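Beneath this line is the structure, given in structure tokens, with notes to follow.
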Amino acid sequence: MLKRWFFRVLLLIAVTALGAGAALANGDGVARITNEDAKAMLGKKDTSIIDVRTISDWKESGLKIKGAVREDPLEVESWASHYPKDRTLILYCA
């Protein structure tokens with residue numbers, strides 16, 4: 001439960017940095033951005049794209065965002081603090 005909460009907080013922080021206009025809310029309370037908004041942020045120095053799929057899903061997938069960093073979704077506590085607090089984090093699990 002704590003990991004899920006922390007993961008949602010990270011996602012909300014990332015979306016908050018984009019501004020309220022770019023965020024969409026769904027029924028579970030997790031803010032989301034559109035594909036177009038994410039594409040516009042690719043390559044920006046203040047943004048990190050983080051692939052949080054399981055290792056097996058990541059290895060089997062042919063769909064990967066160039067420049068994205070893969071992080072283990074079950075180990076959020078071990079990697080989240082490595083990112084600067086002023087950086088926008090976009091987490092995805094396509």
Pairs under 8 Å by beta carbon, first residue within 11 Å of R70 (Cα to Cα) in segment 38-52, partner among the basic types (K, R) and outside any helix (DSSP H, G or I), six or more apart or different chains? S48/R87; I50/R70; D51/K64; D51/R70; V52/R70
Considering only the chain, give the helices (runs of 4 or more DSSP H) lying wholly within it that have at least 1 residues that are modelled with pLDDT of 90 or more and surrounded by fewer than 12 Cβ atoms within 10 Å (Cβ to Cβ). 55-60, 76-79
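The values are calculated or read from the model by the stated rules, or taken from the named source; none is laboratory data. This structure is a prediction, so every number in the text was calculated from the model and none was measured. Virtual Cβ from ideal backbone geometry, glycine too; neighbours counted across all protein chains shown.
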